[in-house]
Amino acid sequence: MKRDKSRLPSRTKQMYIENKMPVLYQDYHYSIRNLRKYYATFGSSSGLNPGIMWPTKAELENILEHDSVFHPSLQDVLSKVHHQREKEEKEKTLREQEIKNKIAKLDALKKEFYEQQAKKIADAKVQKEKKERMIEEVRQFLGYNIDPKDPKFKEMLEKKEKEEKRAEKEARKKEKQDKILAKLAQSSTWR
C-alpha cells in the first residue's frame, strides 16, 4: 500500500492528484463562479447541470449594460472621437480669431496706455509744481525761510490749501451759474 506523504487536504488531492470532482461542503463552493469552474474542469463527470455555464436573463442584461457603458462599440468610439476633434477645432479657430482681433487692437491699446502714462506723469508734475508754489507762497507770507517740517509751516500750508479749495469751489459754482444763465437767455430769445 502506498503512503500519502503530501499532507494535502483530501479535497485538494481529489481535484489535482486523483482528477475527481471534490466534495462540496462550504457555501462558497456553491457560488456560480466556482460551479462553472468545476464544470469546465471535470465536465459531465462532475454531475452538475450544464446550464450553469451560461448567464441568466438578468445576468445577461447586466453584462450588456456594463459592456455598453465600459466597452462601447467601435462606431460609438469613432463618432465620439470625431465630435471631440470637431469641438477642439472650433475652439482652436475661435481662439485664433480672438488672438487676431486682439493683435489688430494692440497698436491702439499701446497708444492709449502711453497716453495714460504721459497724463499721469503730467498730473504728478502739476501737483508737484502746485505744492512747491504753495510752499513758496507760505515762505513769502512768513517773510523768512522756514523748514517744511516745522508745525507753524504746516499750519500755514493747510490754511493756504483750504483757501485754494474754497476759491476753486466758488469758481465752479460761478461757472455753473453762468451756464444756467446762458441757457435761460438762449431759451428766452428762442421763443
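The values are calculated or read from the model by the stated rules, or taken from the named source; none is laboratory data. Model, not experiment: these values are computed from the prediction. With ideal geometry, Cβ positions are generated from the backbone for all residues, glycine too; neighbour counts draw on all protein chains shown. Heads up: the accessible areas ignore ligands, DNA and RNA and are worked out on the full protein's heavy atoms, side chains in. Shrake-Rupley method; radii C 1.70, N 1.55, O 1.52, S 1.80 Å.
Taking the solvent-accessible surface of protein heavy atoms with a 1.4 Å probe, what is the per residue accessible area of the chain in Å²?
It amounts to 93 Å² per residue over the chain.
Between LYS102 and GLU59, what length in nm is gained on full extension when 0.36 nm per residue of separation is reduced by their alpha carbon distance?
Fully extending the segment from LYS102 to GLU59 adds 9.6 nm.
Got a sec? Charge dipole of the chain, +1 on Cβ for Lys and Arg, -1 for Asp and Glu; which of SER73, SER10, ILE63 is way out at the positive end?
Checking the options against the dipole of the chain, the answer is SER10.
Calculate, for ARG172 and LYS130, the FRET efficiency according to 1/(1 + (r/R0)^6) with r their C-beta to C-beta distance and R0 22 Å; round to the nearest 0.05.
Given R0 = 22 Å and the Cβ-Cβ separation, E is 0.80.
Out of these labelled values of P(r) over Cα pairs in 10 Å bins from 0, in percent, (i) 9, 36, 35, 16, 4, 0; (ii) 6, 12, 10, 10, 9, 8, 6, 6, 8, 7, 9, 8, 2, 0, 0; (iii) 10, 41, 38, 10, 0, which was calculated from the coordinates shown here?
Read-out taken from this structure: (ii).
How would you rank 10-18, 139-147, highest first, on the average number of other Cβ atoms within 10 Å across their residues?
10-18, 139-147
If packing is taken as the average count of other Cβ atoms within 10 Å, what order do 63-71, 128-136 fall into, highest mean first?
So the order, starting with the most tightly packed, is 128-136, 63-71.
Accessible area of segment 82-191 with a 1.4 Å probe: how many percent of it is carbon plus sulfur?
The computed percentage sits at 54.
I want to verify a result. In a Gaussian network model of the chain, Cα cutoff 10 Å, which of these has the top mean-square fluctuation: ASP107, ASP27, ASP150?
In this elastic network of the chain, the residue with the biggest mean-square fluctuation among ASP107, ASP27, ASP150 is ASP27.
Using 0.36 nm per residue of separation minus the Cα-Cα distance, give me the extension gain between LYS162 and GLU115 in nm, one decimal.
13.8 nm
Obtain the nm distance between the two label points defined at ASP4 and LYS179 by a simple spin-label model: each point lies 7 Å from its Cα along the Cα-to-C-beta direction.
Output for this residue pair reads 11.3 nm.
For segment 124-191 and segment 5-74, what is the separation of their Cα centres, given in Å?
What the calculation gives is 101 Å, centre to centre.
Once neighbouring chains are kept in place and the probe is 1.4 Å, which whole percent of the accessible area of segment 8-65 is contributed by carbon and sulfur?
Carbon and sulfur together cover 55 percent of it.
Please give the contour-minus-distance gain from TYR16 to LYS152: 0.36 nm per residue of separation, less the Cα-Cα distance, rounded to one decimal in nm.
Taking TYR16 through LYS152 to full extension adds about 37.9 nm, to one decimal.
Highest GNM mean-square fluctuation, the chain, Cα pairs closer than 10 Å: which of LYS119, LYS174, LYS92?
Highest fluctuation of the listed residues: LYS174.
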